[in-house]
Amino acid sequence: MRIFPGKWLRIKICKKNTFLLLLFWASCWILGSTFLFLHRSLFSGRCTDEESKKILAGLCYDYNNRAVTGDLCEDLCVTEKLMYKHCLYYQRGKKVLQADWQGTPVILKSKNDAFSKFQAPLFLDESDAQSLTDTELLLMVAVEIKNTLGLDLPNSTLLPLWPERKHSQNWKVELASMWSLYQQEEYLLFNLLQDFSRHVLHIVGTCGHFYAVEFLSAGHSWKQNLFSLEEVVGQCKTVLDIAISFLDMVHQFDNEFSHRLHLCDVKPENFAIRSDLTVVAIDMDMAFFEPKMRTILEQKCTSDKDCNFFDCFSTCDLKTFMCGAQRENSNLQVICDKIFRHWFTQTMMGFIRPFPLQAELHKTVQKCAESTNMESLFSDLYSLLQESQKQLHRGYM
Ligand SMILES: Nc1ncnc2c1ncn2[C@@H]1O[C@H](COP(=O)(O)OP(=O)(O)O)[C@@H](O)[C@H]1O
Ligand SMILES: [Mg+2]
């Protein structure tokens with residue numbers, strides 16, 4: 001068969017074009033994937049080690065230039081007893097870093113990456129700052145806390161926040177560092193509740209605008225860490241203990257402080273557990289005492305949905321077009337809905353066998369998640385959990 005040179009040439013060109021097109025497509029794919037891999041944090045919003053180390057380098061730069069201070073600065077910036085491990089935050093959120101402090105894991109937190117992003121205490125610029133009396137300083141601390149937490153605190157409560165080093169040579173730097181911490185709701189809440197509650201994180205120290213807290217097993221890793229127990233009874237006991245501790249926390253936050261403490265961001269990863277299975281609130285950015293909760297909720301509205309603030313809501317009064325200041329759901333209701341509901345289903349946590357009173361617990365948790373009458377539900381749920389524990393102990397299963 002005779003091959004015409006023109007046709008032959010066209011076939012060759014066509015093959016060559018297809019090959020080039022394929023090559024081009026493959027290179028684009030490789031380049032694209034490499035770019036996405038290298039910059040994955042940009043798209044997922046996750047932090048990177050590079051930027052986290054830069055944040056700590058900035059903090060140490062400020063420390064070396066005597067702009068900030070704190071009991072952990074020396075270990076972080078000089079002796080390196082406090083070492084960065086990895087980061088746990090989303091770029092837009094607060095900075096949360098895991099570190100190792102002489103063999104103990106700790107978490108470093110700050111609302112902002114840089115110290116300069118916090119407001120400096122204005123009165124420090126004035127020439128007569130040195131002559132400020134203790135009472136005047138305490139008053140300024142009280143005003144700052146009122147701005148952040150919406151709380152009027154008596155001097156006796158302020159004192160723990162006010163170390164007795166106020167007249168040291170370094171006092172202006174100390175005050176400036178403390179001021180950056182006072183602008184962080186979470187730091188203030190942890191600090192104020194340290195001695196009153198087992199359900200908040202312990203602060204182990206500070207450096208500039210960063211505070212370090214104890215490292216605990218956070219909610220999203222409970223299943224791997226706690227429920228890896230081989231025996232079903234062990235797993236059931238753990239769940240019941242944690243559930244009871246959640247109820248103890250709810251009771252304390254609702255009743256034991258001078259104002260009710262509202263949790264408006266309830267999800268497993270915002271709670272952790274100690275080795276004795278005490279539940280601890282680890283993210284308190286969205287926790288508000290009653291007075292601040294009221295100002296947050298009391299806003300203009302045209303319908304009920306304008307009165308939702310994360311897990312806290314009230315309803316819209318269509319006469320005044322204002323949301324009610326009183327929160328209408330409760331901590332217990334949200335915990336039942338967002339945490340217990342997943343635990344006390346028929347196939348709880350993928351367990352093979354049910355545990356004592358499972359059907360009753362399932363029903364009560366459903367009711368608790370949907371109802372607003374919390375008084376009786378709290379005690380019903382508490383008794384059921386205790387009874388389930390007892391039956392488990394007696395070898396019901
Ligand atoms: N004390 C802690 N122990 C263990 N993990 C923690 C601790 N504090 C925070 N984390 C982890 O870091 C994540 C982010 O911290 P969080 O305070 O919740 O910040 P955000 O405001 O960004 O949600 C948490 O979901 C948890 O996984
Ligand atoms: Mg969180």
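The values are calculated or read from the model by the stated rules, or taken from the named source; none is laboratory data. Only a predicted model underlies this, so the values are computations on that prediction, with no experimental measurement involved. Here the Cβ positions follow ideal geometry from the backbone for every residue, glycine too, while neighbour counts run over all protein chains shown.
Which condition breaks for Val239 when tested against (1) more than 16 Å from ligand 1 (Cβ to nearest atom); (2) touching an Asp or Glu at 6+ places or on another chain (Cβ under 6 Å)?
The number of the failed condition is (2).
In the range 137-155, which residues are at pLDDT 80 or above and in a helix (DSSP H, G or I)?
Within the range 137-155, Leu138, Leu139, Met140, Val141, Ala142, Val143, Glu144, Ile145, Lys146, Asn147, Thr148, Leu149 qualify.
Which pairs have Cβ atoms under 6 Å, sit 6 or more apart or on different chains, and link a residue in the range 171-185 that is without any contact (Cβ under 8 Å) to a residue 40 or more places away in the chain to one that is in a helix (DSSP H, G or I)?
Here the result reads Leu181/Tyr187, each pair linking the range 171-185 to a residue that is in a helix (DSSP H, G or I).
Assess whether Ile13 counts as being more than 16 Å from ligand 2 (Cβ to nearest atom), at pLDDT below 95 and β-branched (Val, Ile, Thr).
So Ile13 fits the description; yes.
Pull out all pairs, ordered by first then second residue, where Cβ-Cβ is under 7 Å, the residues are six or more apart or on different chains, the first lies in the range 287-298 and is more than 17 Å from Leu189 (Cα to Cα), and the second is surrounded by fewer than 17 Cβ atoms within 10 Å (Cβ to Cβ).
Arg294/Ala325; Leu297/Ala325; Glu298/Ala325
Kindly provide the set of residues from the range 267-288 that are crowded, with 21+ Cβ neighbours inside 10 Å and away from ligand 1 (no atom under 12 Å from the Cβ), ordered by number.
Val279, Phe288
When residues of the range 253-266 are filtered for being more than 16 Å from ligand 1 (Cβ to nearest atom) and within 20 Å of Asp337 (Cβ to Cβ), how many remain?
Residues that pass the stated criteria total 5.
Kindly evaluate Phe288 against the criterion of being outside any loop (DSSP other than H, G, I, E, B), away from ligand 2 (no atom under 11 Å from the Cβ) and out of contact with any Leu (no Cβ under 7 Å at 6 or more places or on another chain).
Yes.
List every residue pair whose Cβ atoms lie under 7 Å apart, where the two residues are 6 or more positions apart in sequence or sit on different chains, the first residue falls within the range 368-384 and is buried (at least 18 other Cβ atoms within 10 Å of the Cβ), and the second residue, located anywhere, is among the small types (Gly, Ala, Ser).
The qualifying pairs are Met374/Ser330; Leu377/Ser371.
Do you know which residues across the range 47-67 are in contact with a Cys (Cβ under 7 Å, 6 or more places away or on another chain), closer than 17 Å to Tyr90 by Cα and assigned to a helix (DSSP H, G or I)?
Residues satisfying the conditions are Asp49, Ser52.
Considering only the range 310-324, state which residues are touching a residue at least 40 places away in the same chain (Cβ under 8 Å) and either surrounded by fewer than 19 Cβ atoms within 10 Å (Cβ to Cβ) or assigned to a loop (DSSP other than H, G, I, E, B) (or both).
Of everything in the range 310-324, those that are touching a residue at least 40 places away in the same chain (Cβ under 8 Å) and either surrounded by fewer than 19 Cβ atoms within 10 Å (Cβ to Cβ) or assigned to a loop (DSSP other than H, G, I, E, B) (or both) turn out to be Phe310, Asp311.
Report whether or not Ile339 is touching a residue at least 40 places away in the same chain (Cβ under 8 Å), within 16 Å of ligand 2 (Cβ to nearest atom), surrounded by 18 or more Cβ atoms within 10 Å (Cβ to Cβ) and not in a strand (DSSP E or B).
Yes: the conditions hold for Ile339.
Would you pick out the residues in the range 251-268 that are within 12 Å of ligand 2 (Cβ to nearest atom) and in a strand (DSSP E or B)?
Within the range 251-268, just Leu263 meets the criteria.
Could you give me the residue pairs with C-beta distances under 8 Å whose first residue belongs to the range 213-238 and is closer than 20 Å to Val200 by Cβ, whose second residue is modelled with pLDDT under 65 and more than 16 Å from ligand 2 (Cβ to nearest atom) wherever it lies, and which are 6+ apart or on separate chains?
Ser217/Asn225; Ser217/Leu226
What is the number of the single condition among (1) basic (Lys, Arg); (2) modelled with pLDDT of 85 or more; (3) surrounded by fewer than 19 Cβ atoms within 10 Å (Cβ to Cβ) that Arg327 does not meet?
Single failed check for Arg327: (3).
Residue-wise test of (1) more than 16 Å from ligand 2 (Cβ to nearest atom); (2) of a type outside the set (D, E, K, R); (3) without any contact (Cβ under 8 Å) to a residue 40 or more places away in the chain.
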| site | (1), (2), (3) |
| --- | --- |
| His86 | yes, yes, yes |
| Tyr89 | no, yes, no |
| Lys95 | no, no, no |
| Gln98 | no, yes, no |
| Trp101 | yes, yes, no |
| Thr104 | yes, yes, no |
| Ile107 | no, yes, no |
